[in-house]
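A short write-up of the structure that comes next.
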Amino acid sequence: MLIDFFSAVGDVLSSESTYINGALFAALLAFAATGEWVAEKSGTLNISVEAMLLSGAFAGALGYHFTDSVAVAIVFGAIGGLLISIVQAEMSHRLTADQFVVGLTLNILVFGLAGFLDREIDPQAAFASKLEIPLLVDIPLFGEALFGEPWPFYILYGLVPFSWWLVFRTRWGLELRAAGENPQSADVSGIDVNRRRRQSIYYAGLTSGLGGAFFLFARLAAFDDSIIGGRGFIAIAAVIFGGWTLWGTMGGCILFAGALSFQLSLQGLGYELNAELLQGLPFLVTIGAMAIFARRVRPPAALAQPFIRGLK
């Protein structure tokens with residue numbers, strides 16, 4: 001039994017499809033986690049990532065259905081995620097509604113609404129064309145996974161460093177971090193704390209909407225209300241796993257995506273293991289990683305704490 005297990009692991013690790021699938025899953029998580037990282041640096045815990053990803057995927061399908069253009073559909077996806085983020089931000093940081101309740105409500109609402117509209121409209125989609133980078137795409141195992149993907153994948157190569165620059169090299173980013181660490185002092189300094197928090201959620205909505213649309217056109221080319229399947233919560237876990245650092249967050253995305261890809265590759269190679277255990281594997285890895293690392297990292301001091309001017 002043990003020999004069979006190691007044989008299966010060896011087959012999975014030597015299969016190029018493992019790395020291709022892993023890169024696609026990692027990209028989906030990274031689109032969402034990058035924006036969530038920005039939001040959490042401002043002190044807001046954005047539970048509605050799942051809704052933003054799903055809204056982005058559905059809006060992308062609508063965009064392609066009406067225009068037959070993947071590029072336009074990707075923009076539609078970003079707008080779809082942004083619309084959800086506006087609701088989350090305005091209710092959480094203008095009306096001071098509980099951000100957890102708002103996020104969970106949006107997740108449920110968007111799931112039901114997307115399923116209903118999908119049955120009514122039945123939007124069509126297609127695979128985005130692949131963009132292969134010469135020479136690099138020929139690297140064994142990793143080449144196609146990193147340099148032979150559908151073209152929206154490469155947006156991520158600019159988005160991640162841009163997000164780091166935005167948070168650590170701009171005045172806006174400095175004010176954002178101040179809002180997450182000490183909102184009372186930031187307020188005294190003239191920073192509109194809740195505005196910065198709302199803006200960070202808008203950014204998370206844009207990146208998550210992009211991620212949902214990317215996954216639609218890179219992975220399935222057909223919308224289904226289960227397309228995201230809880231991966232928005234895994235993206236949130238990646239931020240915590242990464243200790244609220246961007247590069248640590250990307251490491252979390254790669255780890256959790258590896259578990260997702262491992263599950264698919266085992267099934268694709270014909271290994272007959274417990275189906276329920278395989279489906280739960282990515283979430284088991286996520287919980288295990290969180291249990292090990294969550295207590296060893298320090299979150300932004302005011303994370304998930306609502307800011308009401310004049311209250312301490």
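The values are calculated or read from the model by the stated rules, or taken from the named source; none is laboratory data. From a predicted model like this one, the values you see are computed outputs, not experimental measurements. All Cβ positions, even for glycine, are placed from backbone atoms using ideal geometry, and neighbour counts span all protein chains on display. To get the accessible areas, we keep the full protein, side chains included, count just its heavy atoms, and leave off ligands, DNA and RNA. Shrake-Rupley method; radii C 1.70, N 1.55, O 1.52, S 1.80 Å.
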Scattering profile of the chain from the Debye formula, Cα beads only, expressed as log10 I(q)/I(0) at q = 0.08, 0.11, 0.13 Å⁻¹, is -0.36, -0.67, -0.92
How tilted is helix 155-168 with respect to the longest principal axis of the chain? Cα atoms for both, answer in degrees (0 to 90, nearest 10).
30
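Filter the GluC sites (Glu not before Pro) in the stretch 132-231 to those in DSSP coil with at most 16 other Cβ atoms within 10 Å of their Cβ, and list the result.
132
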To the nearest 10 degrees, how steep is helix 16-41 against the longest Cα principal axis of the chain, on a 0 to 90 scale?
0
Taking the Cα atoms of the stretch 83-222 alone, what are Rg (to one decimal) and Dmax (as a whole number) in Å?
19.4, 56
Accessible carbon and sulfur surface of the chain relative to its total accessible area, %, 1.4 Å:
66
Classify the stretch 35-161 as rounded, prolate or oblate from the Cα gyration tensor: take a ≥ b ≥ c as the square roots of its eigenvalues, call it rounded if a/c is under 1.5, otherwise prolate when a/b beats b/c and oblate if not.
oblate
Probe radius 1.4 Å, ligands and nucleic acids left out: which of 287, 240, 133 has the largest accessible area, and how do the rest follow?
287, 133, 240
What shape does the stretch 185-269 take by its C-alpha gyration tensor, where a ≥ b ≥ c are the square roots of the eigenvalues and a/c under 1.5 counts as rounded, a/b above b/c as prolate, and the rest as oblate?
oblate
For the stretch 100-165, Rg(Cα) over 2.2 N^0.38 Å is 1.69
Does the stretch 86-133 come out rounded, prolate or oblate, given a ≥ b ≥ c as the square roots of the eigenvalues of its C-alpha gyration tensor, rounded meaning a/c under 1.5 and, failing that, prolate meaning a/b above b/c?
oblate
Please compute the Kirkwood hydrodynamic radius of the stretch 45-106 from all pairs of different C-alpha atoms, in Å with one decimal.
11.8
On C-alpha positions alone, give me the angle between the axis of helix 275-293 and the longest principal axis of the chain, in degrees, nearest 10.
40
Under a Gaussian network model of the chain whose springs join Cα atoms within less than 10 Å, the largest fluctuation of 248, 112, 173 belongs to 112
Ratio of the Cα radius of gyration of the stretch 134-286 to 2.2 N^0.38 Å, where N counts its residues:
1.26
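Full extension from residue 168 to residue 195: what is 0.36 nm times the residue separation minus their Cα-Cα distance, to one decimal in nm?
Extending this stretch completely gives an extra 7.9 nm.
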Which whole-number value in Å² is the accessible area per residue of the chain, probe 1.4 Å?
46
Just to confirm my numbers, what's the Cα centroid distance between the stretch 26-89 and the stretch 212-234 in Å?
11
